[in-house]
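Below is one structure, written out as structure tokens; comments come after it.
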Amino acid sequence: MASTGLNFSNLTPDNGAVKDLRKLIFLAVLGADQIGALVNVLPKQKHGEKVGFVGEFGLIGKASTKCNPVFDNDIMSTSEKTWDIPEWEVAEKICYADLEGTLAQVAMKTGTDIADLTGSDYVDHIVMPRLELAIRKMLLRFVWFGDKAAKVVADGGILKPGTDVSKFTVTDGLWKRLFAIVAADNARHTTIAANSETSWAAQKAAMKVAGVATGVMDALIEDAPLVLRQQPNGVIYITQAFKDALDRDIKQNNKGSEMQWESLFDGIKKGTYNGITVIAVPFWDEIIQGYEATANSGQYNKPYRAIYTVKDNLLAGVESESELADIAIWFNRDEQLNKIHAKDKIGTLVAQDDLVQVGY
């Protein structure tokens, strides 16, 4: 039978494969909400489920033959990857006695209900908003910095001594996947020489040199594959340290001109460089400077980073219907403890390897 225009040879036909065209993830799907402002968050994903990606047609069109045209069998490119979505959970307990004598005491119940914090102002207006923020940061940590093989420096890894490694080993995050793409194809790497300096002070000094920060941005764009440079929704993500160096370089070397930035959420800001959206992510710096080091304790692990891609190429799959799983909180009367629990699954994928250019 003649081809229908899709190359399904790269998609496994059964055993969990994609069978419904509605489940194929087309690369132009948009969406932005919290974590979804940075990556494409896909709800209702399952561990081990195969995900199909549809690209573009190859070369088509030729000189007309007038009557009786010859019909070609050109097909669109497809590929398939498999979700690895491990389970995570948050389990915390609160004892009312820990709050007695603190300002939080005025938000507690009284009498025989004093131990029960559920429904109190303390839980509703103090604990829950901060817990939701903590879970969102946890998910950002999993999505970007997760590494199932993470180790501290003494064991040959990059995590600082004393770091709780289990906070990073839940799943493999996007940085690990991006480094793997670069390892397989070094053309996807744009070098940021300042990262190789042996102290944070030296790294900053090297990035402050006139023309360095803007030079890296220019190289990142110029090094990118043409299929990426043609994308109308291309975006460059950078660390806050990179943003600071870029702002300084532009201001000092372009007669006072400045990049204009607008706030998104959680300190994340958006600007434009050479017509391409740039998003600075200070959360990356928080993790890099707080937990990642090298054998030299004064040197951060790649503090200057950049990713040129399209947002929808960076996927985060969760099992729940939203990016933030429901949080359960209840009072255990036998133990006189208040318990908080949240559970979900999360994993990452880079949909198309040739739609990224990674600077570090």
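With respect to the stated conditions, V41 fails to be of a type in the set (A, V, I, L, M, F, W, C), modelled with pLDDT under 80 and either farther than 30 Å from G173 by Cα or in a strand (DSSP E or B) (or both).
Number of residues in region 129-165 that are among the small types (G, A, S), modelled with pLDDT under 95 and loosely packed, with under 15 Cβ neighbours inside 10 Å: the value is 4. Residues that are at pLDDT 80 or above and hydrophobic (A, V, I, L, M, F, W, C) were ranked within region 106-128; the one that is farthest from V350 (Cα to Cα) is I114.
Quick grid of which residues meet (1) open to solvent by less than 20 Å² (accessible area, probe 1.4 Å); (2) at positive phi; (3) not in a strand (DSSP E or B):
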residue: I236; (1), (2), (3): yes, no, no
residue: D249; (1), (2), (3): yes, no, yes
residue: K270; (1), (2), (3): no, no, no
residue: Q289; (1), (2), (3): no, no, yes
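Taken residue by residue, region 316-331 has no member that is open to solvent by less than 50 Å² (accessible area, probe 1.4 Å), within 22 Å of M207 (Cα to Cα) and either out of contact with any Leu (no Cβ under 8 Å at 6 or more places or on another chain) or touching a residue at least 60 places away in the same chain (Cβ under 8 Å) (or both). Taking region 279-308, which residues are out of contact with any helix residue (DSSP H, G or I) (no Cβ under 6 Å at 6 or more places or on another chain) and closer than 12 Å to Q240 by Cβ? The answer is I279, V281, W284, E286, I288, Q289, R305.
Out of all the residues in region 172-187, is one or more farther than 30 Å from P86 by Cα, assigned to a helix (DSSP H, G or I), modelled with pLDDT of 95 or more and open to solvent by less than 30 Å² (accessible area, probe 1.4 Å)?
Within region 172-187, not a single residue is farther than 30 Å from P86 by Cα, assigned to a helix (DSSP H, G or I), modelled with pLDDT of 95 or more and open to solvent by less than 30 Å² (accessible area, probe 1.4 Å).
Close contacts from region 131-149, counting a first residue that is under 14 Å from I288 (Cβ atoms) and among the acidic types (D, E) and a second that is open to solvent by 20 Å² or more (accessible area, probe 1.4 Å) and in a helix (DSSP H, G or I), with Cβ to Cβ under 6 Å and a gap of 6+ residues or different chains, come to D147/K176. With respect to the conditions (1) of a type outside the set (G, A, S); (2) closer than 23 Å to W144 by Cβ; (3) in contact with a Ser or Thr (Cβ under 6 Å, 6 or more places away or on another chain), K243 lacks only one, and its number is (3). Here are some conditions: (1) surrounded by fewer than 16 Cβ atoms within 10 Å (Cβ to Cβ); (2) in a loop (DSSP other than H, G, I, E, B); (3) modelled with pLDDT of 85 or more. E100 meets all but one. Which one does it not meet? Condition (3) is where E100 drops out. When the residues of region 231-276 are narrowed to those that are free of Cβ contacts under 8 Å to residues at least 12 places away in the same chain and of a type in the set (K, R), which ends up nearest to A194 (Cα to Cα)? That would be K251.
The values are calculated or read from the model by the stated rules, or taken from the named source; none is laboratory data. Computed from a predicted model, the values in this text were never measured in an experiment. Every residue, glycine among them, receives a Cβ derived from its backbone with ideal geometry; neighbour counts consider all protein chains shown. The accessibility values were calculated without ligands, DNA or RNA, using every heavy atom of the protein model including side chains. Shrake-Rupley method; radii C 1.70, N 1.55, O 1.52, S 1.80 Å.
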